[in-house]
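Here the structure is laid out as structure tokens; the discussion comes afterwards.
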Amino acid sequence: MNRLNMREARRRFSEIVDAAQRGRSTVITRRGRQVARVDPIIPAEGKRLPDLSDFRSSIKIKGKPLSQTVIDRRREGRY
């Protein structure tokens, strides 16, 4: 784990982000005290969102698209 003071952290921010991307953490200090830590993001495995393809295909839409309804209402309000 790398340690940097605030001044160095500001100056080397890109390097800190690059290090996090490579899996390395960095602790930032202010006046000798730890105030922040930049850690790599570790994706949660097995927590995928469900596939909504079947759900979307089951929806039957009637009438005008919502976007067209919004556009029409805005035009009505202006005149």
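Once you put a point 7 Å from the Cα of Met1 and another 7 Å from the Cα of Val70, both along the Cβ direction, what distance in nm separates them?
4.5
Would you mind telling me the antiparallel percentage of the DSSP bridges in the chain, rounded to 5?
Values: 5 of 9 bridges.
Just about 55 percent of them are antiparallel.
Run the numbers for Lys62 and Glu8: contour at 0.36 nm per residue of separation, minus the present Cα-Cα distance, in nm.
13.5 nm
Springs between alpha-carbon atoms under 10 Å, Gaussian network over the chain: tell me which of Ser57, Ser25, Ser67 tops the mean-square fluctuations.
Maximum among the listed residues: Ser67.
Under unit Cβ charges (Lys, Arg +1; Asp, Glu -1), what dipole magnitude, rounded to 20 debye, does the chain have relative to its Cα centre?
Charge dipole of the chain: 460 debye, to the nearest 20.
So for the chain, what percent of the C-alpha to C-alpha distances run longer than 22 Å?
60
What distance in nm separates the simple spin-label points at Arg24 and Arg37, each placed 7 Å from Cα in the Cβ direction?
Calculated label separation equals 1.7 nm.
Values quoted throughout were computed directly from the atomic coordinates according to the rules given, and no laboratory measurement underlies them. Note that the structure is a prediction, hence the values are computed from the model and not measured. Using ideal geometry, Cβ is built from the backbone for each residue, glycine included, and neighbour counts are taken over all protein chains shown.
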